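Data first, discussion second: the structure below is written as structure tokens.
The values are calculated or read from the model by the stated rules, or taken from the named source; none is laboratory data. Nothing here was measured: the structure is a model prediction, and the numbers come from that model. Here Cβ is always computed from backbone atoms with ideal geometry, including for glycine, and neighbour counts include all displayed protein chains. The protein model used for the area step is the full one, side chains on, heavy atoms only, and it has no ligands, DNA or RNA in it. Shrake-Rupley method; radii C 1.70, N 1.55, O 1.52, S 1.80 Å.
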Amino acid sequence: MSDSQDEVRAYTVRLELVDEPGELLRALHPIADNGGNLLSIFHERGNMTPRGHIPVEVDLEATPERFEDIVEALQAENFNIIQAGAERYSEALTIVLSGHLVNTDLSHTLSHIQEATEATVTDLSLSAPEGTEDVSSARLRLATEAGNADSALAAVREIAAEKELTVVEPLTAGGDA
């Protein structure tokens, strides 16, 4: 078997889609537009994720270069990619940020986290019981490749320190007791 960039290979892309008409079709456009050949689609409409999204698995054929273009196009369209080919976001961590999240630009904070880490924000829940001018908290779920959780958490700590936010970190597995 050759490792040629021209060789067509089979890939799997796992997505979580919003439960709205047209979302599946919208997700298929970047695949078709970038030369992917659909093999199968497994759309579990009755099996919602905890965030209320629909899990979808798409098997396709493409050259490695075209597959990279497909993944980039799906990301550009803001699809939640759980797995793409062999690269799977296999570690997840949930953290809570607390402080003046809205006043310090939550959108910028999220963008900064994604740029500074090899993680993606897969879920966000914001609570501002006293209004947006007061202290608020956000629960973030980050997905990262195996082995990158510690570096992602370190980057989140730095970003939080810059914005004077408190980080409530996930519990980690205990050592030898």
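Looking at the structure I just gave you, is T104 open to solvent by less than 60 Å² (accessible area, probe 1.4 Å), hydroxyl-bearing (S, T, Y), over 17 Å from A143 (Cβ atoms) and modelled with pLDDT of 80 or more?
Yes: the conditions hold for T104.
Output the number of the condition that E91 fails; it satisfies all remaining conditions of (1) over 28 Å from E169 (Cβ atoms); (2) in contact with a helix residue (DSSP H, G or I) (Cβ under 7 Å, 6 or more places away or on another chain).
The single condition E91 does not satisfy is (1).
I'd like the full set of residues that are open to solvent by less than 80 Å² (accessible area, probe 1.4 Å), charged (D, E, K, R) and either closer than 21 Å to N80 by Cβ or modelled with pLDDT of 90 or more (or both), limited to the stretch 134-177.
E145, K163
Residues are listed down the side, and each one gets a yes or a no for (1) assigned to a helix (DSSP H, G or I); (2) open to solvent by less than 70 Å² (accessible area, probe 1.4 Å):
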{"position": "G35", "(1), (2)": "no, yes"}
{"position": "L38", "(1), (2)": "no, no"}
{"position": "A92", "(1), (2)": "no, yes"}
{"position": "I113", "(1), (2)": "yes, yes"}
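For residues that are assigned to a helix (DSSP H, G or I) and acidic (D, E), scanning just the stretch 40-89, find the one that is surrounded by the most Cβ atoms within 10 Å (Cβ to Cβ).
Checking each candidate, the answer is D69.
List every residue pair whose Cβ atoms lie under 8 Å apart, where the two residues are 6 or more positions apart in sequence or sit on different chains, the first residue falls within the stretch 97-118 and is farther than 23 Å from G147 by Cα and of a type in the set (V, I, T), and the second residue, located anywhere, is open to solvent by 80 Å² or more (accessible area, probe 1.4 Å) and at pLDDT below 85.
Listed by first residue and then by second, the contacts come to V102/E133.
If you go through the stretch 36-57 one residue at a time, do you hit one that is in contact (Cβ under 8 Å) with a residue 40 or more places away in the chain, in contact with a helix residue (DSSP H, G or I) (Cβ under 7 Å, 6 or more places away or on another chain) and not β-branched (V, I, T)?
no
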